[in-house]
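The values are calculated or read from the model by the stated rules, or taken from the named source; none is laboratory data. What you see is a predicted model; the values in this text were computed from it and never measured. With ideal geometry, Cβ positions are generated from the backbone for all residues, glycine too; neighbour counts draw on all protein chains shown.
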Amino acid sequence: MSRINQSLGEFIIENQGEFAYSSGELSRLINSIRLAAKMVNHEVNKAGLVDITGSVGEINTQGEDQQKLDVFANNVFIQTLTNREIVCGIASEENEDFITIAGSNSDHKNKYVVLIDPLDGSSNIDVNVSVGTIFSIYRRITPLGTPVKKEDFLQPGNLQVAAGYIVYGTSTMLVYTTGHGVNGFTLNPALGTYYLSHPNMRFPEEGNIYSVNEGNYVHFPQGIKDYIKYCQQEEGNRPYTSRYIGSLVSDIHRNMIKGGIYMYPKSSKAATGKLRLLYECNPMAFIVEQAGGKASDGETRIMELKPTDLHQRVPFICGSKTMVEKAEEFIAKAK
Ligand code: AHM
Ligand code: MG
């Protein structure tokens, strides 16, 4: 039973049953993420005050300019998880390869791997728009006691044990699932404690918000163009409202509360879209589905895709169930 005003720490203790194979490891892992998120939050909040915004002058693995806060967040999450010896490996959107964590006894005894996008939407930092962290947790599939391998990270989304995001917005929220629904916690900055503010979050079945970068319209496949036109037609509860922050976590968070669809389709400029299957789409898909919504690449359920590469990109459509189904209908029709 969830109680309002319950802290995240209390919630984790009282809901141990949620944590499969409850050796306490997964709850300690979520605890470490919540701690790292507080450190990142502190830094993000003072971004306008100190000389920490802007580019660090390096290019990350996807050829994008790395922002200083990206680097900071990446280090904080990796160090927090490494120092606490909770996981056996970490893959980050900011690192080309995964990191193996042997543990102080070099016994490779931990069973979870974490995949993380430490600071998503970081180009928004300079203009004071919200950003997020996204994480995904799996049990390793290679034997305990041996170093992790790439295959431990290349698991389909439907094998995720937990996933979550932190949105650094007007308030900071941590939202996560362990496969038993979705709960949202808001950080009280004065106390440094997250409180259960959004118990059992549910995507409305139907909504009236569509979120897509329409600047790319001419490059979209016909099915997506047709669906966008459908969103704009006057009929029933349409035209829908267009809302696009350009910060995945915030766009999906809003749609989960108000009802809506988010799309980052493939285009003639980007054949597989922009978003990364492992660091962005799978964790968000797990949360969206656990909240009663739907997530697909336009044809196939995101969580059933078999990853082939750590930094693989896929088209991503998610949100209120009936809206995603309608978009899929248009895509199928245009084929
Ligand atoms: P990032 O991981 O480099 O920050 O990029 C991901 C972000 C998402 O948060 C957002 O939905 C999308 O990129 C916006 O891209 P675009 O500016 O092409 O619309
Ligand atoms: Mg990202």
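Out of curiosity, is residue 123 modelled with pLDDT under 95 and either among the hydroxyl-bearing types (Ser, Thr, Tyr) or in contact with a strand residue (DSSP E or B) (Cβ under 6 Å, 6 or more places away or on another chain) (or both)? Criteria met by residue 123. Could you tell me how many of the residues in segment 222-250 are within 19 Å of residue 325 (Cβ to Cβ) and either within 16 Å of ligand 1 (Cβ to nearest atom) or of a type in the set (D, E, K, R) (or both)? Of the residues in that region, 7 qualify.
Condition check: away from ligand 1 (no atom under 13 Å from the Cβ) and in contact with a helix residue (DSSP H, G or I) (Cβ under 6 Å, 6 or more places away or on another chain). Does residue 268 satisfy that? Yes.
When 309, 226 are checked against the criterion of being over 18 Å from residue 201 (Cβ atoms), acidic (Asp, Glu) and surrounded by fewer than 16 Cβ atoms within 10 Å (Cβ to Cβ), 309 stands alone in meeting it.
How about segment 279-306: which of its residues are more than 20 Å from residue 204 (Cα to Cα) and of a type in the set (Asp, Glu)? Once the filter is applied, which keeps residues that are more than 20 Å from residue 204 (Cα to Cα) and of a type in the set (Asp, Glu), segment 279-306 yields 280, 297, 299, 304. Taken as a whole, the condition of being away from ligand 1 (no atom under 14 Å from the Cβ), basic (Lys, Arg), at pLDDT 95 or above and touching a Gly at 6+ places or on another chain (Cβ under 9 Å) does not apply to residue 306.
Given the condition hydroxyl-bearing (Ser, Thr, Tyr), within 16 Å of ligand 1 (Cβ to nearest atom), outside any loop (DSSP other than H, G, I, E, B) and surrounded by fewer than 23 Cβ atoms within 10 Å (Cβ to Cβ), answer yes or no: does some residue in segment 118-139 qualify? Scanning segment 118-139, I find at least one residue that is hydroxyl-bearing (Ser, Thr, Tyr), within 16 Å of ligand 1 (Cβ to nearest atom), outside any loop (DSSP other than H, G, I, E, B) and surrounded by fewer than 23 Cβ atoms within 10 Å (Cβ to Cβ), so the answer is yes.
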